[in-house]
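Here is the structure we will look at, set down as C-alpha cells.
Here, each number is a calculation from the coordinates, and none is a lab measurement. Quantities reported herein were computed from a predicted structural model and do not represent experimental measurements. Note: ideal-geometry Cβ built from the backbone for every residue, glycine included; neighbour counts use all protein chains shown.
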Amino acid sequence: MSMQWKEEYATGLPKIDDQHRQLFKFVNDLEVLVADWPCHQDRLGSLLSFLDAYTRSHFVYEESCMYRMNCPSARDNREAHKRFLRFFGDWQEEYRKNGASGETLDELRMTLEDWLASHICKIDTRLKECAHTV
Ligand SMILES: [Fe+2]
C-alpha cells in the first residue's frame, strides 16, 4: 500500500525529510493513477515531468548538503543518484516511444518505491551522523 514516511527515514535535516515526503506523494499519486488506469492517463505526462524535475532538484540539494557536511557517503550518494536518473530517463524515453500499460506503470511504481525506501535507509540517513558538523 501507499508509501508512508517513517522515523527510520529521518536524515536529521528537516528540509530533506520534507523533500522525501514529497517524493513519496508522487509515488502515491502514481499508485492512484495505476489503480484507475487508463481512466486518467492524460495526467501521466505531467506527473512524470514533475517527478523528474523534483527528483533532479532534490538530488542536487541533497548532494550539496552531503559534500558540505563531509558525509562519508557523499560519493556513493551521487553515484546512486546518477544511476537512478539514467534508469528513469530510459524509462521515460521508452514511454515517449511506446506509451505505457497499467502493468509497466505498476512496475515503475514498485521500482520507485523499493529504490526510495532502500536508498533513504542505506545512504541518505548517513547524514544523521554528520549533522553535528553544521
Ligand atoms: Fe540520496
Exercise for the section: Set the Förster radius R0 to 22 Å, insert the Cβ-Cβ distance between C39 and N98 as r into 1/(1 + (r/R0)^6), and round the FRET efficiency to 0.05. Expected result: 0.60
Completion exercise
The aspartates and glutamates whose Cα lies under 16 Å from the Cα of K25, excluding any fewer than 8 residues away in the same chain, are D17, D52, D106, E113, D114
Completion exercise
The set of residues whose placed amide H lies less than 5 Å from the amide H of M3, leaving out same-chain residues fewer than 5 positions away, is N28
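Could you give the dipole magnitude of the chain about its Cα centre, charging the beta-carbon of Lys and Arg +1 and that of Asp and Glu -1, in debye to the nearest 20? Before the final figure, lay out each step's value.
Values: 18 positive and 23 negative charges, 118 e Å.
So the magnitude is around 560 debye.
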Exercise for the section: Only helical DSSP H runs with n ≥ 4 go in: add -39500 (n - 2.57) per run for the chain, normalise by residue count and round the 222 nm mean residue ellipticity to 500 deg cm²/dmol. Expected result: -25000 deg cm²/dmol
Problem - Additional length obtainable on full extension of the chain from H119 to K82, 0.36 nm per residue less Cα span - result: 12.1 nm
Handout entry: For the chain, with +1 on Lys and Arg beta carbons and -1 on Asp and Glu, the positive-most of L51, N70, A117 along the dipole
Key = N70
Handout entry: For segment 13-133, alpha-carbon Rg and Dmax in angstrom
Key = 15.4, 50
